[in-house]
1. If r is the Cβ-Cβ distance from Ser162 to Leu246 and R0 is 56 Å, what FRET efficiency results, to the nearest 0.05?
2. Loop only per DSSP, at most 11 neighbouring Cβ atoms within 10 Å: give me the chymotrypsin sites (Phe, Trp or Tyr not before Pro) in the range 646-676, ordered by residue number.
3. Determine the distance separating the Cα centre of the range 91-138 from the Cα centre of the range 326-364; give it in Å without decimals.
4. What number comes out for accessible area per residue over the range 455-603 if the probe is 1.4 Å? Units Å², please.
5. Provide the percentage of antiparallel DSSP beta bridges, counting only those with both residues in the range 89-243; round to the nearest 5.
6. Restricting the count to DSSP beta bridges whose residues both fall in the chain, what percent are antiparallel, rounded to a multiple of 5?
7. Can you pull the one-decimal nm distance between simple spin-label points at Asp653 and Ser707, each 7 Å off the Cα toward Cβ?
8. Relative contact order (percent) for the chain, with alpha-carbon contacts under 8 angstrom and 6 or more residues of separation?
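The values are calculated or read from the model by the stated rules, or taken from the named source; none is laboratory data. Source: prediction; values computed, not measured. Note that each Cβ is placed from the backbone with ideal geometry, even for glycine, and that neighbours are counted across all protein chains shown. Heads up: the accessible areas ignore ligands, DNA and RNA and are worked out on the full protein's heavy atoms, side chains in. Shrake-Rupley method; radii C 1.70, N 1.55, O 1.52, S 1.80 Å.
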Amino acid sequence: MRIARLFILLFLSTCSLILSAQKIKASIASSLTEINEICGLLNNEKIQFKLDSVAKTNRLYLIQFKGTATRGSDFATNTPDTLRFAIGDSVKLFDLTVFNDVLEEGQEEILVITTGTSGADTLRIKINDHIFKILTTQDSFSKCSNEPFTLSVQSVTGASLSWNFTDMVKTGTKPGDYIISPIRSTKLILTGQLFNCVERDTITINSQPIGVTLNTKDTLFLCFPDSSRLIASITPSNANIVWSPLDNTTRLINNTTLQVKPPKSATYYVNVTSGVCKAADTVYVSMDSLRDTKITIFPKKDKYCKGDSIFFISQRHPKDLFPAIKPSWNPSNGFQTSKDTLNAVIMADKTTTYIRVTQNNACRHTDSAYIKVIEPSIPLGPVDTTVCPGETIQLNFKPDTSAYKDFKWSPQDGLISCEKCSDPKIKVNGDQMYKVEAKKDGCDATTEISTHVFQKPAVRIATDLPPPINAGSNVKINLLGTTGLKAFTWTVDGKAVPANALIYAIDKIASGNHTVIVNVTDSHGCLWDYSFTIVVICPPSGITLTRIPTGVVYEGTNLAISSVGVPPGSTDIKWSVNGSTVSGSNNILQDKPNKAGTVVYRFDATDPNGCPISASISVQVIPCISPEELKKKIPNAFTPNGDQKNDYFTYSDGALKITNLVIYSRWGQLVYNNTDPANGWNGKIGSSDAASDVYIYRMTYICGDGSPQDVTGTVTLLR
């Protein structure tokens with residue numbers, strides 16, 4: 001065996017001289033570094049041998065297992081002693097099983113040593129006896145119920161632990177420590193889980209109950225010189241009880257009850273014992289007090305006027321000596337200060353008994369202040385204050401046994417007599433609130449009275465045409481809302497409508513605002529006036545201006561401007577040129593502009609319905625052209641080939657008038673003489689096509705309405 005291994009090592013050494021080394025790494029396939037014996041048979045672990053790249057040649061490695069764990073008794077594996085990687089291999093896997101021998105051996109270790117040409121690699125695998133271990137030799141604990149104790153637990157990496165009674169177990173400050181509260185006798189089960197492997201351990205808790213609870217909170221508030229009974233509830237019932245202090249401030253009623261009456265704040269204790277177990281409770285008795293809280297009223301009166309300022313004053317309670325003092329007033333009407341102040345300022349509002357509750361923890365005082373407020377009113381006699389507009393009413397004052405004086409009425413509007421008397425007259429023009437003020441028993445008295453007018457009838461008008469109404473329309477005006485009226489009259493533009501007529505017709509109504517005035521007498525005899533306006537607009541006139549000639553014109557051209565669509569019977573006809581009025585009172589204007597530029601012609605008139613009508617037109621006037629300038633614009637060639645492009649020799653700018661066109665050959669032969677000056681020469685001599693050549697022309701033209709002028713030149717005919 002040794003000879004074989006030596007041979008292999010020699011072979012590997014030889015190979016290392018030829019090939020580059022490849023590194024190998026051993027590990028557990030699941031990436032674990034620790035395995036538990038109790039989990040070993042549940043999980044089929046694998047030892048993985050992995051090259052850093054695929055094998056380029058056949059490779060051999062020696063595998064050795066060492067460490068404190070023994071192969072065959074602590075673990076088993078099918079890993080061979082010699083590991084072969086063929087070309088293209090990179091990973092080899094082998095089984096690893098850990099045995100649960102139920103022995104407390106502590107942590108054991110497997111060393112997997114891999115040796116090859118590239119060196120050695122060592123894998124360390126730890127074997128644990130348990131997932132966790134409670135670090136105590138005791139299985140049972142006898143404890144007082146109020147004395148928690150600590151258990152320490154050691155667990156492997158990755159394990160999760162849980163207790164069956166969470167109300168009895170809390171996590172300690174140190175890792176692995178648990179605080180056990182022995183509040184009852186029971187079995188506590190600790191469960192540890194590592195992946196799919198579970199382990200449990202049990203301890204027994206024998207709780208010896210002991211406890212004491214007082215019938216108060218930790219702080220008991222008393223108001224000097226009150227007393228209170230402290231009552232203790234104890235477990236077990238036969239436990240020994242000791243109270244302290246026991247002095248002249250206390251009186252023991254029985255073992256569980258203590259009467260306390262301390263002159264100042266003090267702390268009281270109760271201790272119980274049962275065997276070796278002890279328990280205690282304590283209470284702090286806070287003694288509070290209040291100074292005299294009687295309310296002093298300033299100024300002190302039997303009765304007050306509404307609006308008087310009144311001060312409520314009590315003995316001072318400094319905040320540093322009475323930090324918990326809490327005054328509260330009720331009700332709050334008239335208060336000028338906060339409701340949580342000991343002293344207060346109010347404004348007399350109405351007769352009220354004010355109650356103040358003052359608390360200082362357990363101390364509570366209730367005080368009151370009665371405030372009688374005079375609320376005088378001025379008795380006005382019954383009067384019908386709903387009347388017709390402009391009607392006068394008499395207000396009647398009915399005095400009682402008290403004396404009233406210094407009357408004053410407001411506002412002044414409508415008062416027609418004695419602003420400062422008790423029974424004025426008021427002219428009612430609409431809904432109005434009047435206020436009367438006076439003095440009674442030295443206090444202000446006031447009363448308000450409202451005046452009203454009868455509701456105005458809902459009289460209205462309507463037309464049979466929807467707005468806007470165009471001038472010249474036939475319109476019917478309807479008067480509506482007259483039912484229940486005693487009488488009515490109405491006019492349209494000052495013209496009275498026949499009595500009792502509810503419809504008024506207007507033929508060809510003129511433009512402008514038409515006024516309808518209606519006067520009615522309602523069932524109460526009230527007179528009401530209405531004014532309505534009917535708006536009549538002028539529709540668009542629709543007239544236009546035309547001219548002869550059209551287009552651009554030369555200076556000196558005679559123009560005829562005509563207005564089209566003027567309604568018959570129109571008046572006030574007026575023409576203007578560039579804003580200046582010119583003579584002319586019919587529908588046609590003759591003009592001869594003699595200056596180049598834009599000329600604006602405007603027509604204004606009034607149609608038979610009185611509506612203004614107007615229209616305007618712009619004419620572009622250009623300067624007359626000289627023969628020299630015209631020659632530059634006349635074409636010097638044309639191609640009469642029938643392609644509809646440049647087939648004729650002529651000239652036109654839309655304004656220049658060509659009166660004669662004569663064409664000669666270069667030898668002086670007349671080939672064209674004004675047969676069609678509008679279209680020009682078509683390149684023919686008679687019915688035959690003229691030859692391609694240079695021809696001489698003479699063109700006679702008139703600029704505007706001036707004298708004829710000639711321009712001569714040559715033109716080339718191309719075919």
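1. Details: r = 49 Å, r/R0 = 0.88.
According to the calculation, E is roughly 0.70.
2. Hits after loop and neighbour filter: Trp667.
3. 83 Å
4. Working: 8380 Å² over 149 residues.
Value for the range 455-603: 56 Å² per residue.
5. Details: 36 of 41 bridges.
The answer is about 90 percent antiparallel.
6. Details: 200 of 224 bridges.
Just about 90 percent of them are antiparallel.
7. My value for the distance between the label points is 2.1 nm.
8. Details: 1594 pairs, mean separation 36.7, N = 719.
Relative contact order here is 5 percent.
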